[in-house]
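Have a look at the structure below, then the notes.
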Amino acid sequence: MKAIVAVDEKWGIGAAGKLLAHIPGDLKHFRGETLGKLIVMGRKTLEGLPGGRPLPGRDTVVLSRDPSFDAGCKAFTSFGGCMEYLDGFDGDQVYICGGADIYRQFLPYCGECLVTKIDGDFGADSFFEDLDRRDDFRLLDESGRMEENGISYRFARYARLAPGVGGQAAASGAQSGE
Ligand SMILES: NC(=O)c1ccc[n+]([C@@H]2O[C@H](COP(=O)([O-])OP(=O)(O)OC[C@H]3O[C@@H](n4cnc5c(N)ncnc54)[C@H](OP(=O)(O)O)[C@@H]3O)[C@@H](O)[C@H]2O)c1
């Protein structure tokens, strides 16, 4: 499975329950990556979407410990139950979409992370793991800088390295999604 996330220079992802910045180019990127795929998110992230409802054109899976939570889509009350369900899917089709709580739990199972890197410090109160400080992920590629609404950003892709193995071969293997 893959994680898809937008981070600022401190790997911040949100503040006061909201995204850090409105970047149409990043929303387009997110849509292009996830359309027709299965996306996984926490209850708080779902509630931050327009109308608090799942995004169209994607199968959405939501996690909430409240069994009566009406997500308008498939919902799980535990990480284990959700993972069991995801086991039935090709890892390349599954995108972990946040927020911080969900990224933290699913990152150990992600083979690839698609990271939009936003320049600047946006005063975040929720964070993604700094992948540059981890030795089990490797930066595969990074786009040039783009600018929109006075905000500059770029798209980066990280792949998990096979345990105990470095180099391109391990990174390519991780692209299979696991
Ligand atoms: N920059 C980005 O790419 C990006 C992407 C997504 C979100 N965000 C930001 O991230 C922030 C929200 O993150 P967050 O960590 O506060 O919330 P979250 O991860 O979206 O949702 C947390 C909720 O998910 C449910 N949950 C978590 N683990 C569970 C488990 N194992 N079993 C069952 N339910 C579980 C719980 O819901 P209940 O309380 O209902 O039990 C928990 O309160 C917002 O600021 C949002 O804008 C940023």
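The values are calculated or read from the model by the stated rules, or taken from the named source; none is laboratory data. Model, not experiment: these values are computed from the prediction. Reconstructed Cβ throughout: ideal geometry from the backbone, glycine too, with neighbour counts over all protein chains shown.
One table, with the values for the structure above:
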{"read-out": "Filter pass, residue 102 being in contact with a helix residue (DSSP H, G or I) (Cβ under 9 Å, 6 or more places away or on another chain), farther than 30 Å from residue 80 by Cβ and near the ligand (Cβ under 10 Å from one of its atoms)", "value": "no"}
{"read-out": "Set 132, 101, 70, 121: member being out of contact with any strand residue (DSSP E or B) (no Cβ under 9 Å at 6 or more places or on another chain) and not in a strand (DSSP E or B)", "value": "70"}
{"read-out": "Test for residue 72: is it within 13 Å of the ligand (Cβ to nearest atom) and among the small types (Gly, Ala, Ser)", "value": "no"}
{"read-out": "Residue count, segment 16-45 (criterion: outside any loop (DSSP other than H, G, I, E, B), more than 13 Å from the chain's Cα centre (by Cα) and more than 6 Å from the ligand (Cβ to nearest atom))", "value": "4"}
{"read-out": "Among (1) among the aliphatic types (A, V, I, L, M); (2) over 13 Å from the mean Cα position of the chain (by Cα); (3) surrounded by 18 or more Cβ atoms within 10 Å (Cβ to Cβ), the one test that residue 83 misses", "value": "(3)"}
{"read-out": "Number of positions in segment 46-66 that are in contact with a Lys or Arg (Cβ under 7 Å, 6 or more places away or on another chain), within 10 Å of the ligand (Cβ to nearest atom) and not in a loop (DSSP other than H, G, I, E, B)", "value": "2"}
{"read-out": "Any chance residue 5 is within 9 Å of the ligand (Cβ to nearest atom), at pLDDT 95 or above and in a strand (DSSP E or B)", "value": "yes"}
{"read-out": "Counted residues, segment 105-119 - those being closer than 17 Å to residue 8 by Cβ and either more than 13 Å from the ligand (Cβ to nearest atom) or more than 11 Å from the chain's Cα centre (by Cα) (or both)", "value": "3"}
{"read-out": "Per-region count, segment 75-99, residues near the ligand (Cβ under 8 Å from one of its atoms) and under 22 Å from residue 17 (Cα atoms)", "value": "7"}
{"read-out": "Pairs, first polar (S, T, N, Q) in segment 93-117, second more than 9 Å from the ligand (Cβ to nearest atom), C-beta under 6 Å, six or more apart", "value": "93/37; 93/38; 116/153; 116/155"}
{"read-out": "Matching option when the condition is among the hydrophobic types (A, V, I, L, M, F, W, C), under 26 Å from residue 148 (Cβ atoms) and surrounded by fewer than 16 Cβ atoms within 10 Å (Cβ to Cβ), among 35, 20", "value": "35"}
